[in-house]
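The values are calculated or read from the model by the stated rules, or taken from the named source; none is laboratory data. Note that the structure is predicted; figures quoted are calculated from it, not measured. Neighbour counts run over all protein chains shown; Cβ positions are idealised from the backbone, glycine included.
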Amino acid sequence: MSEGESQDIKNLVLENLTDGGTLNLENRRIGDVGAAQLANLETLTKATSLELGDNGIGDSGVAALCSSPYLSQLRVLNLKSNQITAKGAEHIALSQNWSNLDQLILKFNQIGEEGAKHLAKSKALGKISTLDLFRNHIGPEGARAIKSSPNFARINRVRLD
């Protein structure tokens with residue numbers, strides 16, 4: 001990661017973070033490297049909604065976001081249309097960053113049944129009211145795990161395969 005690339009991500013954040021706390025970086029093709037750079041920006045403490053759809057982010061980018069010290073206040077995390085697999089879902093499930101999260105959007109990824117089961121076991125995602133896993137090939141076992149999870153008692157809107 002070069003100084004220029006880091007500066008580009010920092011500028012994207014400064015230009016797109018609204019006063020209301022929404023950071024919309026959809027369709028910017030930041031990839032895993034950009035997600036890792038993003039995760040290291042202290043400015044993200046002001047974000048309550050992070051829109052990162054269609055960016056080519058995979059499991060290592062998700063891991064960086066999950067370990068960021070600056071994202072624990074997020075209420076909305078949108079990672080739709082990326083390259084997240086079961087491993088990325090496991091990172092999300094195990095991260096302590098998401099205790100305030102109200103909406104988790106992972107539609108059009110590849111988390112599969114195993115990823116759905118990781119999410120269903122997550123105690124850190126207990127405040128979620130909206131979960132979107134559409135087109136993730138979670139299958140009947142993954143759907144059953146999500147629907148029967150005691151950790152998702154607050155969910156009132158869920159989209160599965």
Original post:
In this structure, is SER60 closer than 17 Å to LEU106 by Cα and within 11 Å of the chain's Cα centre (by Cα)?
Top reply: no
Original post:
Which ones in the stretch 75-90 are crowded, with 20+ Cβ neighbours inside 10 Å and among the hydroxyl-bearing types (Ser, Thr, Tyr)?
Top reply: SER81
**OP:** Just name the residue that is farthest from the chain's Cα centre (by Cα) out of those in the stretch 92-139 that are aromatic (Phe, Trp, Tyr) and more than 23 Å from TYR70 (Cβ to Cβ).
**Re:** PHE134
**OP:** Could you pull out the residue among LEU38, LEU79, LEU52 that is at pLDDT 95 or above, more than 21 Å from ILE138 (Cα to Cα) and in contact with a strand residue (DSSP E or B) (Cβ under 7 Å, 6 or more places away or on another chain)?
**Re:** LEU52
Original post:
Quick one: GLY142 ticks every box in (1) over 16 Å from the mean Cα position of the chain (by Cα); (2) part of a loop (DSSP other than H, G, I, E, B); (3) buried (at least 19 other Cβ atoms within 10 Å of the Cβ) bar one, so which box is it?
Top reply: (2)
**OP:** Select from the stretch 42-57 the residues that are assigned to a helix (DSSP H, G or I) and of a type outside the set (S, T, N, Q) and write down the one among them that is farthest from LYS107 (Cα to Cα).
**Re:** GLU42
**OP:** Considering only residues that are of a type in the set (A, V, I, L, M) and part of a helix (DSSP H, G or I), look in the stretch 104-139 and name the one that is surrounded by the most Cβ atoms within 10 Å (Cβ to Cβ).
**Re:** ALA116
**OP:** Considering only the stretch 118-154, state which residues are farther than 15 Å from LEU106 by Cα, among the aliphatic types (A, V, I, L, M) and in contact with a helix residue (DSSP H, G or I) (Cβ under 9 Å, 6 or more places away or on another chain).
**Re:** ALA124, ALA145
Original post:
Taking the stated definitions as given, is ALA47 of a type outside the set (Val, Ile, Thr) and over 13 Å from the mean Cα position of the chain (by Cα)?
Top reply: yes
Subject >> Exclusive hit being surrounded by 20 or more Cβ atoms within 10 Å (Cβ to Cβ), touching a His at 6+ places or on another chain (Cβ under 7 Å), aliphatic (A, V, I, L, M) and not in a loop (DSSP other than H, G, I, E, B), set ALA36, ALA93 >> reply: ALA93
